[in-house]
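Reading through the structure tokens given below for one structure.
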Amino acid sequence: MPNARYEVSLVKCDLCDAEATVHETQIVNGQVRVRRLCERHAAELGLTGVGSEPVSGAGSTVVLSMNKPGTTLRCGSCGLSYAAFRQNGLLGCSNCYEVFEDKLTPLIERAHQGGTHHIGKTPVRMLAAAQGGDVQAVERVLGSARERAERIALLRKQLEDALANEQYERAATLRDELRRSEAEEAGPEGEPA
Amino acid sequence: MNTGGLGPSGGGNAPGDVRNGGVDPDSGRASDVVVSSRVRLARNLAGFRFPNRAPASERTAVVVKLKPIVLGARLSAQTEWVDLTSTTPMHRMSLVEERLISRHHAMGKAGEPMHGRAVAIGLPDRRLSIMINEEDHLRLQAIRPGFDLSGVVEEIEHADDAIEQKADYAFSPRFGYLSACPTNVGTGVRLSVMLHLPALKITRELEKVKRAADDLGLTVRGSYGEGTEATGDFYQISNQTTIGKSEAVLLREMESEIIPSVIAYERTARERLIKGGRRGMEDQAWRAVGLLLHARLLSTEEATKMLSRIRLGIALGLIPGLRLPLIQQLLIASQPAHIQMAIGQELTQEQRREARAALLRSKLGEAFATKRPPSRLIRPGSAEAKPEPPVGPSNRPVKRPPEPGQPGPGNGDNR
């Protein structure tokens, strides 16, 4: 999964002395390349503007973020600023979840009784396709090995809590859920990831 | 004691027994308390901005992509596709009243474009609806009468999988199904049960239910969702948590743990009310019948309140001859847009009141004239073990035949 990490800092553009407001992280064949560009140069290189999408190509992934100096984080894909999100409560696109991940996590945690990681259904066709594919395909659907292990640990904890509270029906449901996750983890070849 | 509200069929069902057939086989399980069960899923397409951020062209592109997928999935015997941009506000509001689309989808928030908004409705039963370009690209909803969350979940899962066969959903392993609002992220599942809780309202125990619900991560709202009043003591209880718990656990919590206790709580309160004054309860229910059989002007609010009292009366076995499905039908038919759709034109508020009163007079009159067995006229609640004093004048209004020549909703002589 493309992983976006952003720091707000006053850095000069790689191509001029203006302040860099666009930080581009490009991963090409496992090599990370970072470019810092001012608004003008980013626009000239076609990296900004409403409607610019994260680009995925063979062997490369480009992730964008735009940080206006001294202001707020902005999604490079739909142009939504974090401030605008706080104002109307709606995100603009899927990429917003990556760009604003660190800030969204505590909000989501508060709104969902502490829940921060998805447990449950995975798109059926997407999962079937991933299980026939490589490690990356699996990770795009089920997450990294660490995320998958965390999910299983979380389910075990929920199961223990249900048993401790004598919520047996819930415990049975959780046990099924755990088995399903462990089966997914084993993959179609039965190999633990 | 069996209050009768636990069903004419039932003697001795425990208050929390949701297998109880309720009071009417056509109203689903536990229909003495549960009006309907509903589930909705929030889904978005990968590669498109969420509707609030997408320009008109992109919203249109979402419709163009989804329309053949939704129609091709054959989710119902037939599917009606409604392009909301080309419908009248009245038509859209009637869909809101039927709970097939949200108020937000019908009207949009201030300044928001209507562009690309549509809804697919499953026919003939109108229990499945799929909103396109609401807050999310897709909002799938299934609704059924009575307490049947498993049923609606099964139906919606099927619809979800069928659509996903042809559409790439926006999904992340960390956050699950991505939604425009982070309050829906994860499973995207909102389970809602519409409950009729008049006894808990009367006994002032509703606040306890609300607090308990809040502690469990649920919300209690008025019947038409966010920000709406609970006219007629109809309340909607829904889960708020959508991430960190699987669909199965959310369903388990609502279906086996929370809702049954609310049902039991309401039934116990009803029993106490009946014990404390059966005659008074009967009087309230029949007064409501009397009012609707004779009123000439009725606001939506008054109609809803009276229908609510009648509903309670039927559930308690105090009004033989009327059935719950009719009351549910009338609750919707007496809403403003439905009244106008039935007449076929826009009406002023005064005209609506008149048409509403006429509709209710005629429908209730018909029901009493055709469906009421004479033996039950004489002794309401005769199945009850408790002997009743002779029938008083409170029962008389129902013996009246409907007034001849009463204007119906469609004949237009109300103005």
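Could you please find all residues in the range A:158-174 being within 11 Å of another protein chain (Cβ to nearest Cβ) and either surrounded by 14 or more Cβ atoms within 10 Å (Cβ to Cβ) or assigned to a helix (DSSP H, G or I) (or both)? Write out each step before concluding.
Step one: of the range A:158-174, the residues within 11 Å of another protein chain (Cβ to nearest Cβ) are A:158-159, A:162, A:165, A:167-174.
Passing the criteria: A:GLN158, A:LEU159, A:ALA162, A:GLN167, A:TYR168, A:GLU169, A:ARG170, A:ALA171, A:ALA172, A:THR173, A:LEU174.
Check whether at least one residue in the range B:329-336 is of a type in the set (Ser, Thr, Tyr), buried (at least 22 other Cβ atoms within 10 Å of the Cβ), within 14 Å of chain A (Cβ to nearest Cβ) and touching a residue at least 24 places away in the same chain (Cβ under 8 Å), and report yes or no.
At the first step, the residues of the range B:329-336 found to be of a type in the set (Ser, Thr, Tyr) are B:334.
Now restrict to residues that are buried (at least 22 other Cβ atoms within 10 Å of the Cβ): B:334.
Restricting the remaining residues to those that are within 14 Å of chain A (Cβ to nearest Cβ) gives none.
No, the conditions are met nowhere in the range B:329-336.
When the range A:131-147 is examined, which residues are found to be part of a helix (DSSP H, G or I) and at the interface with chain B (Cβ under 10 Å from one of its Cβ atoms)?
Here is the first cut: in the range A:131-147, the residues part of a helix (DSSP H, G or I) are A:131, A:135-142, A:145-147.
Listed by number, the residues that qualify are A:VAL138, A:GLU139, A:ARG140, A:VAL141, A:LEU142, A:GLU147.
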Report yes if some residue within the range B:227-242 is among the aromatic types (Phe, Trp, Tyr), more than 7 Å from chain A (Cβ to nearest Cβ), in contact (Cβ under 8 Å) with a residue 24 or more places away in the chain and closer than 18 Å to B:ARG40 by Cα; otherwise report no. yes
Could you give me the residue pairs with C-beta distances under 9 Å whose first residue belongs to the range B:47-68 and is on the phi > 0 side of the Ramachandran plot and facing chain A (nearest Cβ under 8 Å), whose second residue is assigned to a helix (DSSP H, G or I) and surrounded by 14 or more Cβ atoms within 10 Å (Cβ to Cβ) wherever it lies, and which are 6+ apart or on separate chains? B:GLY47/A:SER94
Quick one: in the range A:71-93, of everything that is of a type in the set (A, V, I, L, M, F, W, C) and facing chain B (nearest Cβ under 7 Å), which residue is surrounded by the most Cβ atoms within 10 Å (Cβ to Cβ)? A:LEU91
State yes or no: is B:GLY344 under 21 Å from B:LEU95 (Cβ atoms) and surrounded by fewer than 22 Cβ atoms within 10 Å (Cβ to Cβ)? yes
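Hand me the list of strands (runs of 3 or more DSSP E) wholly inside the range B:114-166 holding 1 or more residues that are polar (S, T, N, Q). Reasoning before the result, please.
On the way: elements: B:118-123, B:128-132, B:138-145.
The qualifying strands (runs of 3 or more DSSP E) are B:128-132, B:138-145.
Using the structure shown, decide if B:LEU206 is in contact with a helix residue (DSSP H, G or I) (Cβ under 8 Å, 6 or more places away or on another chain), free of Cβ contacts under 8 Å to residues at least 40 places away in the same chain and of a type in the set (A, V, I, L, M). Give the derivation first.
Details: in contact with a helix residue (DSSP H, G or I) (Cβ under 8 Å, 6 or more places away or on another chain): yes; free of Cβ contacts under 8 Å to residues at least 40 places away in the same chain: yes; of a type in the set (A, V, I, L, M): yes.
Yes: the conditions hold for B:LEU206.
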Can you run down the residue pairs with Cβ atoms below 8 Å, 6 or more apart or on separate chains, where the first is in the range B:158-169 and under 15 Å from A:THR122 (Cβ atoms) and at the interface with another protein chain (Cβ under 9 Å from one of its Cβ atoms) and the partner is among the small types (Gly, Ala, Ser) and assigned to a loop (DSSP other than H, G, I, E, B)? B:GLN165/B:ALA73; B:ASP168/B:ALA46; B:ASP168/B:GLY47; B:TYR169/B:ALA46
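Please verify whether the range B:170-180 includes one or more residues that are in contact (Cβ under 8 Å) with a residue 60 or more places away in the chain, aromatic (Phe, Trp, Tyr), outside any strand (DSSP E or B) and closer than 26 Å to A:GLY114 by Cα.
Here is the first cut: in the range B:170-180, the ones in contact (Cβ under 8 Å) with a residue 60 or more places away in the chain are B:170-171, B:175-180.
Add one more test, that the residue is aromatic (Phe, Trp, Tyr), and what stays is B:171, B:175, B:177.
With the extra rule that they be outside any strand (DSSP E or B), the set shrinks to B:175.
Then drop every residue that is not closer than 26 Å to A:GLY114 by Cα, which leaves B:175.
Scanning the range B:170-180 turns up at least one residue that is in contact (Cβ under 8 Å) with a residue 60 or more places away in the chain, aromatic (Phe, Trp, Tyr), outside any strand (DSSP E or B) and closer than 26 Å to A:GLY114 by Cα.
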How about the range B:28-48: which of its residues are of a type in the set (S, T, N, Q) and in contact with a Phe, Trp or Tyr (Cβ under 8 Å, 6 or more places away or on another chain)? B:SER31, B:SER37, B:ASN44
Residues within the range B:252-294 that are surrounded by fewer than 22 Cβ atoms within 10 Å (Cβ to Cβ) and within 14 Å of another protein chain (Cβ to nearest Cβ), tallied: 6
Matching option when the condition is of a type in the set (S, T, N, Q), closer than 29 Å to B:SER223 by Cα, part of a strand (DSSP E or B) and more than 14 Å from every other protein chain (Cβ to nearest Cβ), among B:SER94, B:SER36: B:SER36
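So if I check each of B:ARG190, B:ARG221, which one is part of a strand (DSSP E or B), within 13 Å of chain A (Cβ to nearest Cβ) and in contact with a strand residue (DSSP E or B) (Cβ under 8 Å, 6 or more places away or on another chain)? It would help to see each step written out before you state the result.
On the way: B:ARG221 fails: within 13 Å of chain A (Cβ to nearest Cβ).
Result: B:ARG190 is the single residue among B:ARG190, B:ARG221 that is part of a strand (DSSP E or B), within 13 Å of chain A (Cβ to nearest Cβ) and in contact with a strand residue (DSSP E or B) (Cβ under 8 Å, 6 or more places away or on another chain).
Do we have B:GLU155 as over 28 Å from B:LEU307 (Cα atoms), more than 14 Å from chain A (Cβ to nearest Cβ) and not hydrophobic (A, V, I, L, M, F, W, C) here?
Numbers: over 28 Å from B:LEU307 (Cα atoms): yes; more than 14 Å from chain A (Cβ to nearest Cβ): yes; not hydrophobic (A, V, I, L, M, F, W, C): yes.
The answer is yes for B:GLU155.
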Could you go through the range A:110-126 and let me know if any residue there is more than 7 Å from chain B (Cβ to nearest Cβ), surrounded by 14 or more Cβ atoms within 10 Å (Cβ to Cβ) and assigned to a helix (DSSP H, G or I). no
Count of the range B:45-67 residues which are under 29 Å from the mean Cα position of the chain (by Cα) and part of a helix (DSSP H, G or I): 5
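Condition check: charged (D, E, K, R), over 21 Å from the mean Cα position of the chain (by Cα) and modelled with pLDDT of 95 or more. Does B:GLU164 satisfy that? Spell out the reasoning first.
Details: charged (D, E, K, R): yes; over 21 Å from the mean Cα position of the chain (by Cα): yes; modelled with pLDDT of 95 or more: yes.
Criteria met by B:GLU164.
Just checking, does the range B:199-206 include any residue being surrounded by 21 or more Cβ atoms within 10 Å (Cβ to Cβ), of a type in the set (Val, Ile, Thr) and in a helix (DSSP H, G or I)?
Kept after step one, since they are surrounded by 21 or more Cβ atoms within 10 Å (Cβ to Cβ), are these residues of the range B:199-206: B:199-200, B:206.
This time we only want the ones that are of a type in the set (Val, Ile, Thr), so: none.
No, the range B:199-206 has no match at all.
The values are calculated or read from the model by the stated rules, or taken from the named source; none is laboratory data. The shown structure was predicted, so the numbers you read here are calculated from the model rather than taken from an experiment. Note: ideal-geometry Cβ built from the backbone for every residue, glycine included; neighbour counts use all protein chains shown.
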